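Participant: Encoded as structure tokens, here's the structure I'll be asking about.
The values are calculated or read from the model by the stated rules, or taken from the named source; none is laboratory data. Please read these numbers as outputs of a predicted model, since none were measured by experiment. Cβ sites come from the backbone with ideal geometry, for glycine too, and all protein chains shown count toward neighbours. The accessibility values were calculated without ligands, DNA or RNA, using every heavy atom of the protein model including side chains. Shrake-Rupley method; radii C 1.70, N 1.55, O 1.52, S 1.80 Å.
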Amino acid sequence: MHVRFWGTRGSLPIPGPDTLRFGGNTSCVEVRTDSGTHVIIDCGSGLHGLGQALVGARKSALKGHILISHTHWDHIQGIPFFAPFFIPENEWDIYAPKGLGQSVQDTLAGQMQYAYFPVRLDQMGAKIRYHELVEGDFQIGDVSIRTRYLNHTALTLGFRLEADGAALVYASDHEPFQRHLASGNGEILGQDRKHCEFLAGADLVIHDAQFTLHEYADKVGWGHSTVDYAVAVCRAAGAARLALTHHDPLRTDDAIEQIVKDALEKQRGVKPPLDIFAAAEGQEVHLKARDNAPRPAISTDAALSDATALVSLLVLMAVKDPIAANTIREAVQADDIALVEVESANEALTTAQSVRPSLIIIEAGQSDADPGKGGRSTNDIPILVVAEKEKALAWTNAAIAGWLIKPFSSAYARTRIRACLLRTACRWERALTTINEEQRLAALHGLSILDTPPEERFDRITRLAASSFKVPMALVSLVDRERQWFKSAHGLDVAETSRETSFCSHAVSSREVLVVPDTFHDPRFADNPLVTQGPRIRFYAGCPIFVGADCVGTVCVLDQRPRQIDAEAVSQLRYFAALIELELCKRQSKSE
Ligand SMILES: [Zn+2]
Ligand SMILES: [Zn+2]
């Protein structure tokens, strides 16, 4: 993997004699894999030079992918000046965090309105496709990408890219969640620990290091890291190299060199060595495969979001501190999210049972609140805790999604709330349990078929279904209390899966044919593990199977590609279900 820095400056382009060595252009990094996949991260003013180079060297149409961490100006201001966007045969894919309300395209178009720029975004010529990202994994060519929300004043994603056996992390515009970690000392816990996991074993981490520890004292809440924090998290993550970036506009070349010298001095003798350098415009780094690096497994395609996921959001709040409460109100209102306020954390947790909010915000120190006690589970509704500092709570099952450490700004609260909401919005749904569940299970168990060996009379039906739908997988799935068990599984190597993730369970509870043409575009399934990991279901069609009046399971066909099916295909699926029902009846009469 080849990495080249085109812009390393934070906040504002700062050309001049004092910034010649490390560069004056704002954030832009180019990545190329050995096989030629071309990915650009962030579009600061450095993008201009990259665009010129690409157009100068081009032999055919230019195609590439652009990841945008967030839409602060220093990360997008190069877009209107990116020459490849003006050439009609070129094709580019832009990926950026999904906001609440406005689309990525609208946000980017904002800086190109008539008052600011002579050409509109949609007039640029090249074919530009927009993709909205949430937290998760996806794939571009041979690059596996993981995204993670960073701690910044705007909704910001970090990117972890893996290709050619190497791992690169880009984490710019990020501040320690635990503020005291700015010093580089102290135990790394909670969200900061998760941040380390995101960096785990990276061959190169390009990390925000805008401030020195001394400067940070006046810049708490600005959304940027200290050099010491960047070093500490890279060390904890076992990263090999650290490129300090987002250099402060006031930092001269000499000052940057001094910072690197100081950082290396502090690390002298610490094993294993961490290679620390300041990212410089024009600098190239070649990343080679490194053995034994700890790497989290990256799946594909779960981070791409669709627009339907964010409807009817409701936040439930129990915060007594009037300043904090007011700041949160402002933040929530700015995004047009409904807010329900209650007196105590306890009341919030009780109310959550009936109103099912998307997020609960409570204040730490309300000792009566324990979401794990008395069966008042919040069923995975994320909880944001307002506190003086992050600390261990005595809660057992609490789904603590994050912290709002006082004092905080409304912009900061807004970012944290958005991050929590977007994580919830894309959680897959478990199907509702059927009304006559006990009777249904009695009918299923009455068949005495669960855990019996495969039988050709069922297998030939799934084989036939798979071939007539031209799909790789077809199943006879029987939905038990906590699992779905497959009497016949064509093209799938497992005997059962949990009911939690079961698609068939949805068909059983609705007693109707269920067709999911593309799981990525269905909020019920988009981040279901059967979608994001093996067997990576993209298409599902299942028809309920009945024994008497009770629905015991489905016959279903699955594919790893999205598909549309017509009414004729649905009736075909019903015939297959009828054939299975016939076989089940035979079995029932035999056992009687
Ligand atoms: Zn920035
Ligand atoms: Zn920023």
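Participant: Which of (1) over 23 Å from G534 (Cα atoms); (2) away from ligand 1 (no atom under 16 Å from the Cβ); (3) of a type outside the set (S, T, Y) is the odd one out, the single condition D137 does not satisfy?
Facilitator: Against the list (1) over 23 Å from G534 (Cα atoms); (2) away from ligand 1 (no atom under 16 Å from the Cβ); (3) of a type outside the set (S, T, Y), D137 comes up short only on (1).
Participant: Residue under question is V119, and the condition is that it be surrounded by fewer than 18 Cβ atoms within 10 Å (Cβ to Cβ) and either touching a residue at least 24 places away in the same chain (Cβ under 8 Å) or assigned to a strand (DSSP E or B) (or both); does it hold? Show your work before the answer.
Facilitator: Details: surrounded by fewer than 18 Cβ atoms within 10 Å (Cβ to Cβ): yes; either touching a residue at least 24 places away in the same chain (Cβ under 8 Å) or assigned to a strand (DSSP E or B) (or both): yes.
So V119 fits the description; yes.
Participant: With respect to the numbered conditions (1) in contact (Cβ under 8 Å) with a residue 40 or more places away in the chain; (2) within 16 Å of ligand 1 (Cβ to nearest atom); (3) open to solvent by 50 Å² or more (accessible area, probe 1.4 Å), which one is the sole condition not fulfilled by E197?
Facilitator: So E197 meets the others, but not (2).
Participant: Go over the candidates T452, T415, T462, T497 one by one and state the one that is under 17 Å from G553 (Cβ atoms) and touching a residue at least 60 places away in the same chain (Cβ under 8 Å).
Facilitator: Values: T452 fails: touching a residue at least 60 places away in the same chain (Cβ under 8 Å); T415 fails: under 17 Å from G553 (Cβ atoms); T497 fails: touching a residue at least 60 places away in the same chain (Cβ under 8 Å).
The match here is T462.
Participant: Follow-up. When the residues of region 225-250 are filtered to those that are open to solvent by 30 Å² or more (accessible area, probe 1.4 Å) and charged (D, E, K, R), which remaining residue is modelled with the highest pLDDT?
Facilitator: Restricting to residues being open to solvent by 30 Å² or more (accessible area, probe 1.4 Å) and charged (D, E, K, R), the top hit is R241.
Participant: Here is a further query. Kindly provide the set of residues from region 560-584 that are under 12 Å from V515 (Cβ atoms) and open to solvent by less than 50 Å² (accessible area, probe 1.4 Å), ordered by number.
Facilitator: I565, A569, V570, L573
Participant: Continuing with this model, one more query. For region 122-143, which positions are surrounded by fewer than 20 Cβ atoms within 10 Å (Cβ to Cβ) and within 17 Å of H65 (Cβ to Cβ)?
Facilitator: Result: A126, K127, I128, R129, Y130, H131, Q139, G141, D142.
Participant: If I filter region 470-489 for residues that are out of contact with any Gly (no Cβ under 9 Å at 6 or more places or on another chain) and in contact (Cβ under 8 Å) with a residue 60 or more places away in the chain, do I get at least one hit?
Facilitator: no
Participant: A follow-up question, please. Residues G78, G110: which one is within 16 Å of ligand 1 (Cβ to nearest atom) and more than 22 Å from R416 (Cβ to Cβ)?
Facilitator: Among G78, G110, only G78 is within 16 Å of ligand 1 (Cβ to nearest atom) and more than 22 Å from R416 (Cβ to Cβ).
Participant: Further, regarding this structure: Just to be sure I understand, how many residues within region 1-13 are more than 14 Å from ligand 2 (Cβ to nearest atom) and touching a His at 6+ places or on another chain (Cβ under 9 Å)?
Facilitator: Within region 1-13, residues that are more than 14 Å from ligand 2 (Cβ to nearest atom) and touching a His at 6+ places or on another chain (Cβ under 9 Å) number 5.
Participant: Here's a follow-up. Quick one: in region 213-223, of everything that is of a type outside the set (G, A, S) and surrounded by fewer than 20 Cβ atoms within 10 Å (Cβ to Cβ), which residue is nearest to the chain's Cα centre (by Cα)? First the steps, then the outcome.
Facilitator: Going through region 213-223, the residues of a type outside the set (G, A, S) turn out to be 213-216, 218-220, 222.
Still in the list and also surrounded by fewer than 20 Cβ atoms within 10 Å (Cβ to Cβ): 213-215, 218-220, 222.
Details: L213: 30, H214: 34, E215: 32, D218: 32, K219: 28, V220: 26, W222: 23 Å.
The extreme case among them is W222.
Participant: Is one or more of the residues making up region 91-102 crowded, with 19+ Cβ neighbours inside 10 Å, in a strand (DSSP E or B) and within 16 Å of ligand 1 (Cβ to nearest atom)? Give the steps one after another, and end with the answer.
Facilitator: Looking only at region 91-102, we keep the residues that are crowded, with 19+ Cβ neighbours inside 10 Å, and these are 92, 94-99.
Remaining after also requiring in a strand (DSSP E or B): 92, 94-97.
Now narrow it down to the ones that are within 16 Å of ligand 1 (Cβ to nearest atom): 96-97.
So far as region 91-102 goes, yes, one or more of its residues are crowded, with 19+ Cβ neighbours inside 10 Å, in a strand (DSSP E or B) and within 16 Å of ligand 1 (Cβ to nearest atom).
Participant: Continuing with this model, one more query. Select, from R457, R511, R463, the only residue that is closer than 26 Å to K586 by Cα, in contact with a helix residue (DSSP H, G or I) (Cβ under 7 Å, 6 or more places away or on another chain) and among the basic types (K, R).
Facilitator: Working: R511 fails: in contact with a helix residue (DSSP H, G or I) (Cβ under 7 Å, 6 or more places away or on another chain); R463 fails: in contact with a helix residue (DSSP H, G or I) (Cβ under 7 Å, 6 or more places away or on another chain).
Checking each option against the conditions leaves just R457.
Participant: Hey, among the residues in region 1-14 that are in a loop (DSSP other than H, G, I, E, B) and within 15 Å of ligand 1 (Cβ to nearest atom), which one's most open to solvent (accessible area, probe 1.4 Å)? Quick ask: steps written out before the conclusion?
Facilitator: To start, the set of residues in region 1-14 that are in a loop (DSSP other than H, G, I, E, B) comprises 1, 8, 10-14.
Applying the additional criterion that residues be within 15 Å of ligand 1 (Cβ to nearest atom) yields 8, 10-14.
On the way: T8: 0, G10: 0, S11: 58, L12: 93, P13: 43, I14: 49 Å².
Looking at residues that are in a loop (DSSP other than H, G, I, E, B) and within 15 Å of ligand 1 (Cβ to nearest atom), I get L12.
Participant: The conditions are (1) of a type in the set (S, T, Y); (2) within 16 Å of ligand 2 (Cβ to nearest atom); (3) modelled with pLDDT of 95 or more, and T19 fails exactly one of them. Which is it?
Facilitator: (2)
Participant: Give the residues of region 172-188 that are within 16 Å of ligand 1 (Cβ to nearest atom) and either in contact (Cβ under 8 Å) with a residue 60 or more places away in the chain or open to solvent by 10 Å² or more (accessible area, probe 1.4 Å) (or both), sorted by residue number.
Facilitator: Correct list: S172, D173.
Participant: Sticking with this structure for a sec: Would you pick out the residues in region 22-39 that are away from ligand 2 (no atom under 16 Å from the Cβ), open to solvent by less than 20 Å² (accessible area, probe 1.4 Å) and closer than 19 Å to E257 by Cα?
Facilitator: Hits for region 22-39 are G23, G24.
Participant: When you scan region 144-165, how many residues do you find that are closer than 30 Å to S410 by Cα, assigned to a loop (DSSP other than H, G, I, E, B) and open to solvent by 10 Å² or more (accessible area, probe 1.4 Å)?
Facilitator: The qualifying residues number 3.
Participant: Let me ask something else. In region 47-64, which residues are of a type in the set (A, V, I, L, M, F, W, C), touching a residue at least 12 places away in the same chain (Cβ under 8 Å) and exposed (fewer than 15 other Cβ atoms within 10 Å of the Cβ)?
Facilitator: Within region 47-64, the first condition is being of a type in the set (A, V, I, L, M, F, W, C), and the residues that meet it are 47, 50, 53-55, 57, 61-62.
Then keep just the ones that are touching a residue at least 12 places away in the same chain (Cβ under 8 Å); that gives 47, 50, 54-55, 61-62.
Residue satisfying the conditions is A61 alone.
Participant: Inside region 544-566, can you point out the residues that are over 19 Å from I449 (Cα atoms) and either in a strand (DSSP E or B) or within 32 Å of the chain's Cα centre (by Cα) (or both)?
Facilitator: First, the residues of region 544-566 that are over 19 Å from I449 (Cα atoms): 557-566.
Passing the criteria: V557, L558, D559, Q560, R561, P562, R563, Q564, I565.
Participant: For residues that are free of Cβ contacts under 8 Å to residues at least 24 places away in the same chain and of a type outside the set (A, V, I, L, M), scanning just region 77-116, find the one that is nearest to T37 (Cα to Cα). Show your work before the answer.
Facilitator: Taking region 77-116 and keeping what is free of Cβ contacts under 8 Å to residues at least 24 places away in the same chain, we get 102, 106, 109-110, 113-116.
Going one step further and asking which of them are of a type outside the set (A, V, I, L, M), we end up with 102, 106, 110, 113-114, 116.
Details: Q102: 30, D106: 27, G110: 29, Q113: 32, Y114: 34, Y116: 33 Å.
Looking at residues that are free of Cβ contacts under 8 Å to residues at least 24 places away in the same chain and of a type outside the set (A, V, I, L, M), I get D106.
Participant: Being in contact with a Pro (Cβ under 9 Å, 6 or more places away or on another chain), within 20 Å of L432 (Cβ to Cβ) and crowded, with 23+ Cβ neighbours inside 10 Å is the filter here; which residues of region 478-504 pass it?
Facilitator: Residue satisfying the conditions is C504 alone.
Participant: Please specify each residue of region 65-75 satisfying the condition of being surrounded by 19 or more Cβ atoms within 10 Å (Cβ to Cβ) and not in a loop (DSSP other than H, G, I, E, B). Break it down stepwise before answering.
Facilitator: Within region 65-75, the subset surrounded by 19 or more Cβ atoms within 10 Å (Cβ to Cβ) is 65-72, 74-75.
Within region 65-75, H65, I66, L67, D74, H75 qualify.
Participant: I've got another one for you. In region 15-42, how many residues are charged (D, E, K, R) and in a loop (DSSP other than H, G, I, E, B)? Before the answer, list the steps.
Facilitator: Filtering region 15-42 down to residues charged (D, E, K, R) leaves 18, 21, 30, 32, 34, 42.
Going one step further and asking which of them are in a loop (DSSP other than H, G, I, E, B), we end up with 21, 34, 42.
Residues flagged as charged (D, E, K, R) and in a loop (DSSP other than H, G, I, E, B) within region 15-42 amount to 3.
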